[in-house]
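Here is the structure we will look at, set down as structure tokens.
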Amino acid sequence: MGEERRLPSDAEVGIFRIAQEALWNVEHHSRATQVRVTTGFGEDEARLNVDDNGVGFDVPPVLEGSPLSGQLGLLGMQERAGLLGGKFEVQSSHGEGTRVTVSIPVPKDVSK
């Protein structure tokens, strides 16, 4: 999707940290045998997908729960995306893996 380009530094760091946390979750919780990380660039957004073939989980209770529920990683990713004006989505089903999708708005041309 789109042509690869540099992003504002806060967006680059944010997407990197979200990917890092998503991969940590795959390693420690999913029991996946495969994970795929993809990035894409639209005219006014950058997108990150992290897909695994792990055990999956029930999404709504996790994201709606309090930080005391032990789901700080997902809540942190959601908060980080929100601080960048982006969207965070998790799709998961028991036995069918998980997909984390983040889209962050970015200007078409970034001067560094």
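Read-outs: derived from the displayed coordinates by stated rules, not from any lab. Keep in mind it's a predicted model, so treat the numbers as computed, not measured. FYI the Cβ positions are ideal-geometry reconstructions off the backbone, even for glycines, and counts take in every protein chain you see.
Just checking, how many residues over the range 84-106 are surrounded by 21 or more Cβ atoms within 10 Å (Cβ to Cβ), closer than 21 Å to Asp58 by Cβ and among the hydrophobic types (A, V, I, L, M, F, W, C)?
Final tally of qualifying residues: 3.
Which of the residues spanning the range 15-37 are in a helix (DSSP H, G or I), surrounded by fewer than 17 Cβ atoms within 10 Å (Cβ to Cβ) and either touching a residue at least 24 places away in the same chain (Cβ under 8 Å) or among the small types (Gly, Ala, Ser) (or both)?
Filtering the range 15-37 down to residues in a helix (DSSP H, G or I) leaves 15-30.
Narrowing further to those that are surrounded by fewer than 17 Cβ atoms within 10 Å (Cβ to Cβ): 16-17, 20, 23-24, 27-29.
If the condition is that a residue be in a helix (DSSP H, G or I), surrounded by fewer than 17 Cβ atoms within 10 Å (Cβ to Cβ) and either touching a residue at least 24 places away in the same chain (Cβ under 8 Å) or among the small types (Gly, Ala, Ser) (or both), then Arg17, Leu23, Trp24, His29 are the ones that fit.
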